[in-house]
1. Please find the FRET efficiency linking residue 31 to residue 9, where r is the Cβ-Cβ separation and R0 is fixed at 22 Å, and quote it to the nearest 0.05.
2. With Cβ to Cβ distances under 13 Å as the rule, what net charge do the other residues near residue 61 carry (K, R +1; D, E -1)?
3. Please list, short to long, the whole-number percent of alpha-carbon pairs of region 7-82 in consecutive 10 angstrom bins beginning at zero.
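Please treat every number below as a calculation from the coordinates, not as lab data. No experiment lies behind these values; they were computed from the predicted model shown. FYI the Cβ positions are ideal-geometry reconstructions off the backbone, even for glycines, and counts take in every protein chain you see.
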Amino acid sequence: MGHDPNLKYWVTGMVVSQLISAYLLRDASWITIAVVGYMWGGVINHSMTLAIHEISHNLAFGNSRPGANRALGIFGNLVMGVPYSVVFRKYHQVCSVYYEFECDYFLITSLFI
């Protein structure tokens with residue numbers, strides 16, 4: 001176990017591929033944008049949520065560089081519709097510490113809001 005030195009390259013590749021896709025679809029019809037967005041964008045967004053989860057555990061740069069992990073999480077979150085990387089880290093760490101594997105996210109968020 002430990003940090004994955006390749007994670008930053010995967011995240012960068014996914015962000016760049018989303019931006020290239022958006023550029024290539026700039027003149028496409030709405031139906032094409034919707035289909036590609038659903039199929040291709042859904043895959044990338046799901047991969048980014050998993051990457052942000054790993055980044056929240058400081059697995060991109062290791063525990064010695066939490067700022068770099070946070071910056072990578074924010075960068076990876078750029079192509080998603082909702083900015084959640086920093087907030088997810090906070091709630092997920094609380095959930096992991098207090099509830100281990102039996103986490104109720106609705107209960108946790110209601111405690112902090």
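1. 0.10
2. Every neighbour counted, the sum reads +1.
3. Calculated P(r), rounded to whole percents: 20, 46, 23, 9, 1.
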